[in-house]
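Presented below is the structure to which this report refers.
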Amino acid sequence: MRTLIQASVFALAFLGSASFAVAQAAFGRWHLGEDDEEAEGSRRRYKFPYGDFRNVHRCAVLRAESRGGQYKYTDIELAAAHLREMLDTLMVGKRSTEQEHGSSI
């Protein structure tokens with residue numbers, strides 16, 4: 001299993017008119033792992049989803065981190081932990097900005 005985490009996790013939004021190859025690649029980008037023992041083109045090939053083509057979901061990242069540790073996929077566990085830390089940092093910054101402007105989450 002190899003880690004698919006990339007610098008930008010907010011890449012693709014919709015797949016509407018995309019070709020199958022583009023759609024498959026986009027689907028894979030929203031997963032932290034790829035099982036090379038599964039057939040190419042199969043949805044089973046991709047493991048540890050963390051978003052929905054638009055948003056990264058913190059609960060999915062937490063689950064990937066937990067399951068990665070549970071099944072001894074250290075690279076997945078570490079990638080999910082890094083992604084969680086990035087999300088937490090973004091949320092702290094967002095809260096600080098909103099408090100400065102008098103709004104709330």
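Here, each number is a calculation from the coordinates, and none is a lab measurement. What you see is a predicted model; the values in this text were computed from it and never measured. All Cβ positions, even for glycine, are placed from backbone atoms using ideal geometry, and neighbour counts span all protein chains on display.
Between Lys72 and Glu38, 0.36 nm times their residue separation minus their Cα-Cα distance comes to what?
Taking Lys72 through Glu38 to full extension adds about 10.4 nm, to one decimal.
List Phe20, Phe53 from most exposed to least, where exposure is judged by having the fewest other Cβ atoms within 10 Å.
Phe20, Phe53
Once both labels are modelled 7 Å past Cα along the beta-carbon direction, what's the Glu100-Arg54 spacing in nm?
Computed distance between label sites Glu100 and Arg54 equals 2.8 nm.
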